[in-house]
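Comments concern the structure below.
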Amino acid sequence: MHAKRSPSGLRFFAHAPGASECSLAGETLAHHLLKLELATATRDAGAHAELEVRGPEGAWRADVLASDPAGAWRMALEAQLSPITSDDIAARTERMEADGVPSVWFSDRYRPPWLGQVPSVRVKTADGGGLVVVEGLAKFSGGQWEAGPQVPVAEFLRWVFADRVVSHRRRAPVRSPLPARRTVFTAPQYAKQEAAHLEAAERRKRLEQEEKHRRKEEERVRWDEYQERLRRQDRERAEARGDHQAAIHALHERQAALEKPAYDFVRRATGAYPFVEDRGAPEFAMGVPVYVGLTPYGVICPVASRVAALRDRLADLVVFTASERERRRIAVQARPGQRSEVLDAGPAAVPSPRPPTGQDSLPLPGETTGSTTVPWQNRHSSEGQRNSD
């Protein structure tokens with residue numbers, strides 16, 4: 001070997017030509033110089049440095065093995081200048097870690113593809129000489145990783161040996177121009193800040209999801225309540241329609257039951273033969289009108305709620321009702337002093353008579369002549385004729 005000086009001023013020994021028996025033979029000058037720089041920086045950082053140290057059974061070989069003078073720890077410093085795949089460098093790192101020797105990989109190439117896949121930094125020669133770490137250090141700020149300072153390799157190693165910076169698998173995003181490397185060297189407090197930030201973000205996300213779920217559940221409950229309200233309204237309308245139809249049916253039954261009693265009442269009161277319409281009419285508050293000749297004489301069971309609007313029209317008529325309760329309900333809406341009569345409808349309703357216009361007439365209950373029914377008016381007209389004879 002013979003003495004030489006590197007461009008940065010480092011003194012070293014180089015192999016003599018043909019010294020192939022040396023274990024260091026075959027290395028490039030750049031690789032050998034980088035190892036020497038790492039060894040010197042290791043010693044400047046207060047640690048012991050050995051070159052080309054083999055692991056148990058030759059499973060690995062460290063370019064520089066840094067160790068604590070007291071024997072508390074060991075660390076492999078690898079100078080990697082030749083191309084290597086990410087898988088190969090990861091496998092070599094795992095073999096050393098399996099023997100309890102963590103590693104740090106150094107390169108002065110421009111962003112080699114494996115940088116950040118394993119604990120690694122990029123270095124370059126400073127203007128005044130010596131190596132400086134220019135890529136690999138990072139700090140956490142504002143929820144993102146950003147580039148750390150550029151420091152001499154000796155200072156970097158001093159931090160690493162004292163655990164002031166550690167290799168950290170980044171999870172949060174990076175802020176440009178820091179490349180998105182998987183692994184960075186950072187202070188432990190920055191790693192804790194990232195963990196706290198991600199935990200808080202996860203907690204916020206979880207709370208947002210819970211709030212979103214709560215709002216969605218509230219919307220579902222409101223929708224269910226709205227649908228139930230619509231169903232209830234439909235039921236109520238159906239019941240109201242049923243009640244209305246039932247009320248109409250009951251009104252028709254009362255009116256039909258009072259047609260014969262009203263007919264008899266008017267016959268007795270006037271001596272004339274009245275005419276009873278077959279159904280209620282709107283102009284008589286849906287009551288059934290009873291005529292003497294062409295003049296309305298009375299109305300059977302008008303609808304109380306419609307009487308008020310027609311009280312003047314109905315004022316001169318006799319109101320026939322089926323009960324005292326119905327009479328009072330109508331009287332409240334009618335003009336004061338209007339005459340009303342409560343008639344006994346009997347046990348069954350009687351169909352309404354038809355007008356004498358050639359149409360079929362309604363029969364008296366049980367009164368027929370062959371297959372032809374004798375109408376109320378014809379019946380009473382015949383009796384009157386016989387009496388006059």
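The values are calculated or read from the model by the stated rules, or taken from the named source; none is laboratory data. Since we're looking at a predicted model, the values are computed, not measured. In this analysis, Cβ positions are derived from the backbone assuming ideal geometry, glycine residues included, and neighbour counts consider all displayed protein chains. To get the accessible areas, we keep the full protein, side chains included, count just its heavy atoms, and leave off ligands, DNA and RNA. Shrake-Rupley method; radii C 1.70, N 1.55, O 1.52, S 1.80 Å.
Residues that are at pLDDT below 95, farther than 23 Å from E324 by Cβ and open to solvent by less than 100 Å² (accessible area, probe 1.4 Å) do not occur anywhere in the range 252-266.
Conditions tested, residue by residue: (1) over 30 Å from W114 (Cβ atoms); (2) open to solvent by 100 Å² or more (accessible area, probe 1.4 Å); (3) assigned to a helix (DSSP H, G or I); (4) without any contact (Cβ under 8 Å) to a residue 40 or more places away in the chain.
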position: F185; (1), (2), (3), (4): no, no, no, no
position: A200; (1), (2), (3), (4): yes, no, yes, yes
position: Q209; (1), (2), (3), (4): yes, yes, yes, yes
position: E218; (1), (2), (3), (4): yes, no, yes, yes
position: V221; (1), (2), (3), (4): yes, no, yes, yes
position: L230; (1), (2), (3), (4): yes, no, yes, yes
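May I ask you to verify whether L131 is closer than 19 Å to A49 by Cβ and open to solvent by less than 60 Å² (accessible area, probe 1.4 Å)? In short, yes. Consider the range 277-288 and keep the residues that are open to solvent by less than 50 Å² (accessible area, probe 1.4 Å), free of Cβ contacts under 8 Å to residues at least 40 places away in the same chain and assigned to a loop (DSSP other than H, G, I, E, B). The one that is farthest from Y263 (Cα to Cα) is A285.
Anything in the range 144-183 that is under 36 Å from the mean Cα position of the chain (by Cα) and outside any strand (DSSP E or B)? List them, or say none. Within the range 144-183, R170, R171, A172, P173, R175, S176, A180, R182 meet the criteria.
Which ones in the range 99-118 are under 18 Å from G71 (Cα atoms) and open to solvent by 10 Å² or more (accessible area, probe 1.4 Å)? Lay out the reasoning, then the answer.
Within the range 99-118, the first condition is being under 18 Å from G71 (Cα atoms), and the residues that meet it are 99-103.
Of everything in the range 99-118, those that are under 18 Å from G71 (Cα atoms) and open to solvent by 10 Å² or more (accessible area, probe 1.4 Å) turn out to be D99, G100, P102.
Suppose we filter E27, E37 for residues that are closer than 16 Å to T125 by Cβ, among the acidic types (D, E) and open to solvent by less than 80 Å² (accessible area, probe 1.4 Å); which single one remains? Checking each option against the conditions leaves just E37.
In the range 40-82, the residue that is farthest from A14 (Cα to Cα) out of those that are among the β-branched types (V, I, T) and open to solvent by 10 Å² or more (accessible area, probe 1.4 Å) is V53.
If you go through the range 60-72 one residue at a time, do you hit one that is more than 17 Å from P113 (Cβ to Cβ), among the acidic types (D, E) and assigned to a helix (DSSP H, G or I)?
Of the range 60-72, the ones more than 17 Å from P113 (Cβ to Cβ) are 60-72.
Add one more test, that the residue is among the acidic types (D, E), and what stays is 63, 68.
Now restrict to residues that are assigned to a helix (DSSP H, G or I): none.
No, because not a single residue in the range 60-72 is more than 17 Å from P113 (Cβ to Cβ), among the acidic types (D, E) and assigned to a helix (DSSP H, G or I).
Just one of the listed residues (R158, R170) is more than 25 Å from K35 (Cβ to Cβ) and either crowded, with 20+ Cβ neighbours inside 10 Å or not aromatic (F, W, Y) (or both), namely R170.
Residue under question is Y190, and the condition is that it be over 29 Å from the mean Cα position of the chain (by Cα) and open to solvent by 50 Å² or more (accessible area, probe 1.4 Å); does it hold? Here the answer is yes, as Y190 does meet what is asked.
State whether one or more residues within the range 114-128 are farther than 29 Å from D87 by Cα and touching a strand residue (DSSP E or B) at 6+ places or on another chain (Cβ under 9 Å). Even if it seems obvious, please write down each step before you answer.
Just the residues of the range 114-128 that are farther than 29 Å from D87 by Cα, to begin with: 126-128.
Within this subset, residues satisfying the condition of being touching a strand residue (DSSP E or B) at 6+ places or on another chain (Cβ under 9 Å) are 126.
Yes: one or more hits.
From the list Y297, Y291, the one residue that fits, being in contact with an Asp or Glu (Cβ under 8 Å, 6 or more places away or on another chain), open to solvent by 30 Å² or more (accessible area, probe 1.4 Å), modelled with pLDDT of 95 or more and farther than 16 Å from A247 by Cβ, is Y291.
Does R122 satisfy the criteria of being touching a Leu at 6+ places or on another chain (Cβ under 7 Å), open to solvent by 50 Å² or more (accessible area, probe 1.4 Å), outside any helix (DSSP H, G or I) and of a type outside the set (V, I, T)?
Details: touching a Leu at 6+ places or on another chain (Cβ under 7 Å): yes; open to solvent by 50 Å² or more (accessible area, probe 1.4 Å): no; outside any helix (DSSP H, G or I): yes; of a type outside the set (V, I, T): yes.
Judged against the criteria, R122 is not a match.
For the range 308-326, filtered to residues that are over 15 Å from R254 (Cβ atoms) and in a helix (DSSP H, G or I), the residue that is least open to solvent (accessible area, probe 1.4 Å) is L314.
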